[in-house]
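Taken together, the values in this text are just the output of simple stated rules run on the coordinates, not laboratory data. Remember, it's a predicted structure, so these values are computed and weren't measured experimentally. In this analysis, Cβ positions are derived from the backbone assuming ideal geometry, glycine residues included, and neighbour counts consider all displayed protein chains.
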Amino acid sequence: MRYISTRGESSAVGFTDAVLGGLAPDGGLYVPEAWPALARDRIAAFAGMSYAQVAAEVLGAFAGDEITPAEMLAMCEEAYATFSHRAVVPMVQIGPQTFIAELFHGPSLAFKDVAMQILARLYDHFLGRQGRKQTILCATSGDTGGAAVEAFRGAKNVKVVVMFPEGRISEVQRRFMTTAEEGNIACVAVNGTFDDCQAILKDAFLDRVLRQSVDLAAVNSINFARIAAQSVYYFTTAAALGAPDRPVNFVVPSGNFGDAFAGYVARRLGLPVKRIVVATNSNDILARAFTTGRYTRGAVQPTLSPAMDIQSASNFERLYFEAVRRDSVETARAFEAFRTSGVIDIPPVALSYMQGIFSGVAIGEDETTRTIVSTLNETGELIDPHTAVAVAVLRHVDLEGPTVVMSTAHPAKFPDDVTRASGVQPMLPRGVASLSGRRERFDRLPGDADTIKAYVRAFAEA
Ligand SMILES: *Cc1c(COP(=O)(O)O)cnc(C)c1O
């Protein structure tokens with residue numbers, strides 16, 4: 001299996017290099033040269049398999065011959081044994097045809113664990129085999145950082161620097177990152193927004209000297225292995241609801257568009273995914289793009305769902321590439337122009353391709369709060385604000401057949417907002433209850449690429 005860049009100026013690489021490289025050298029994102037396909041009877045068989053077994057089969061299709069099936073299964077079993085629920089991603093029914101998929105039973109209580117736990121094992125495997133050490137630079141809107149720290153702490157061949165926007169994430173989110181004691185982890189509170197952090201990350205990756213001297217790697221959702229790992233729960237949930245015989249809809253709380261794009265990936269592999277509804281908060285770039293055909297960056301507004309406070313969704317480039325029939329010249333033109341102009345006018349043919357699968361709905365703060373309350377009253381389920389954005393979307397769309405809402409965070413990750421909305425205090429699961437007593441360790445830096453790049457170099461070389 002070979003991976004090509006959406007911008008067409010980098011040479012094709014294997015799965016190992018796509019995973020270890022993250023972003024392609026030309027600034028584009030890696031996608032498989034051709035989508036693998038899973039046969040209908042294999043998808044039907046997923047209903048009787050463990051989560052780790054399905055993950056091994058789906059990821060195996062992307063890894064090709066670079067990992068043996070036995071190695072892949074062993075890594076998946078280890079990765080998903082860190083989850084506190086035996087089903088890994090269990091479902092709860094909240095309406096006649098509506099289900100919540102709980103993606104938050106991993107060590108940092110957010111859906112990012114699902115991909116990060118397997119990604120850390122893939123890194124370990126590949127780097128060990130090559131006798132190589134890397135520095136992971138990560139920008140987080142709240143949950144990626146905690147998941148990365150949980151997955152990579154103590155890793156022998158990897159150092160991790162996590163940047164988060166100071167004051168824009170919850171205390172629990174921050175503590176998942178800053179209380180790690182292992183010396184291979186460094187946390188930086190950046191004076192700026194998540195989009196600023198993401199811009200610094202891109203800048204660091206385009207700095208050839210830095211990139212080579214510290215062997216820079218990315219685990220943000222621009223890393224294709226994360227997307228591949230996230231496509232797995234589309235298969236397990238749909239198979240449990242009768243796929244491939246019954247098509248299934250998904251509603252996905254979205255920010256960087258990694259999670260929702262993973263649903264598209266599952267569909268390309270052969271899963272009958274009917275519609276994917278992208279749920280956003282008032283940072284609605286994706287909802288506007290799918291509705292109006294204009295992808296335009298706005299100012300980032302802080303909301304109750306901070307992991308979705310994003311106004312330029314990296315993975316949208318992957319969908320755009322598919323929607324323009326894999327025209328890499330057009331994709332490069334559009335996204336290079338977007339960097340300065342902040343606007344892409346989606347060509348009509350590409351827009352109707354996108355609209356055939358995706359719709360987008362934006363939900364305001366009041367409705368998010370009301371949905372936490374109504375879901376508790378009507379179903380007894382306490383949901384977090386990110387999940388509430390997606391549950392709120394159900395009232396605005398008309399979906400036929402079974403629908404799965406992705407629940408991306410545990411309510412105890414946002415205790416203040418959830419308590420204020422519902423009057424019920426969410427309890428942290430037992431394993432993480434000691435978080436508030438641990439010592440924090442992080443550095444504060446201005447949102448300036450050169451300062452942060454110097455910090456990364458010093459940490460990597462220490
Ligand atoms: C990261 C995150 C999202 C957004 O996912 P994307 O893949 O960036 O679209 C939604 N909810 C929570 C809780 C998250 O951590």
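Here the Kirkwood formula, the inverse mean of 1/r across different C-alpha pairs, assigns the range 319-462 a hydrodynamic radius of 19.8 Å.
Once you charge only the Cβ atoms, +1 for Lys and Arg and -1 for Asp and Glu, what is the size of the charge dipole of the chain about its Cα centre, to the nearest 20 debye? All intermediate terms of the calculation are to be shown ahead of the outcome.
Numbers: 44 positive and 50 negative charges, 74 e Å.
Roughly 360 debye for the chain.
Between Ala337 and Thr82, what is the label-to-label distance in nm when each label sits 7 Å out along the Cα-to-Cβ direction? It works out to 4.2 nm between the two label points. Subtracting the Cα-Cα distance of Ala39 and Val349 from 0.36 nm times their residue separation leaves 108.7 nm of extension gain.
Near the amide H of Gln97, within less than 5 Å, lie no amide hydrogens of residues on another chain or at least 5 residues away, with H placed in the peptide plane. Once the dipole of the chain is set up with Lys and Arg at +1 and Asp and Glu at -1 on Cβ about the Cα centre, which of Leu59, Pro107, Val265 lies farthest towards its positive end? It is Leu59, whose Cα lies furthest towards the positive end. Highest mean packing comes first when the peptides 156-166, 31-41 are listed by Cβ atoms within 10 Å, giving 156-166, 31-41.
The Cβ shell under 15 Å around Lys159 holds other residues with a net charge of +2, Lys and Arg each +1, Asp and Glu each -1. Model label points for Glu400 and Lys156, set 7 angstrom from Cα along the Cα-to-Cβ axis, are 5.6 nm apart.
Treating the beta-carbon of each Lys and Arg as +1 and of each Asp and Glu as -1, no other charges, what is the dipole magnitude of the range 23-124 about its Cα centre, to the nearest 20 debye?
Values: 5 positive and 12 negative charges, 89 e Å.
Magnitude of the dipole: close to 420 debye.
A Cβ-based charge dipole, computed about the Cα centre of the range 299-391 with Lys and Arg at +1 and Asp and Glu at -1, lands at about 380 debye. A simple spin-label model places pseudo-atoms 7 Å from Cα toward Cβ; at Ser11 and Glu440 they are separated by 4.7 nm. Our estimate of slack between Gln93 and Asp26, defined as 0.36 nm per intervening residue step minus the Cα-Cα distance, is 19.7 nm. Think of the chain as having a plus end and a minus end, set by charges on the Cβ of Lys, Arg, Asp and Glu; of Asn281, Ile310, Gly28, Gly28 sits farthest toward the positive end of this dipole.
Given a cut-off of 32 Å, name the pairs among Lys112/Lys202; Lys133/Lys202; Lys156/Lys453; Lys112/Lys274; Lys133/Lys274 whose C-alpha atoms lie farther apart than that in the structure shown.
Values: Lys112/Lys202 20 Å; Lys133/Lys202 21 Å; Lys156/Lys453 22 Å; Lys112/Lys274 24 Å; Lys133/Lys274 42 Å.
The pairs that break the limit, which is 32 Å between Cα atoms, are Lys133/Lys274.
Using the Cβ-Cβ distance between Asp448 and Glu182 with R0 = 35 Å, the FRET efficiency computed as 1/(1 + (r/R0)^6) comes to roughly 0.80. Across the range 3-8, rounded Karplus estimates of 3J(HN,Hα) from the backbone phi angles (6.51 cos²θ - 1.76 cosθ + 1.60, θ = phi - 60°) give 10, 10, 8, 4, 9, x Hz, Gly and Pro being marked x. Only aspartates and glutamates eight or more places from Lys413 in sequence, or on another chain, were considered; those with a Cα closer than 13 Å are Asp143, Glu171, Asp384.
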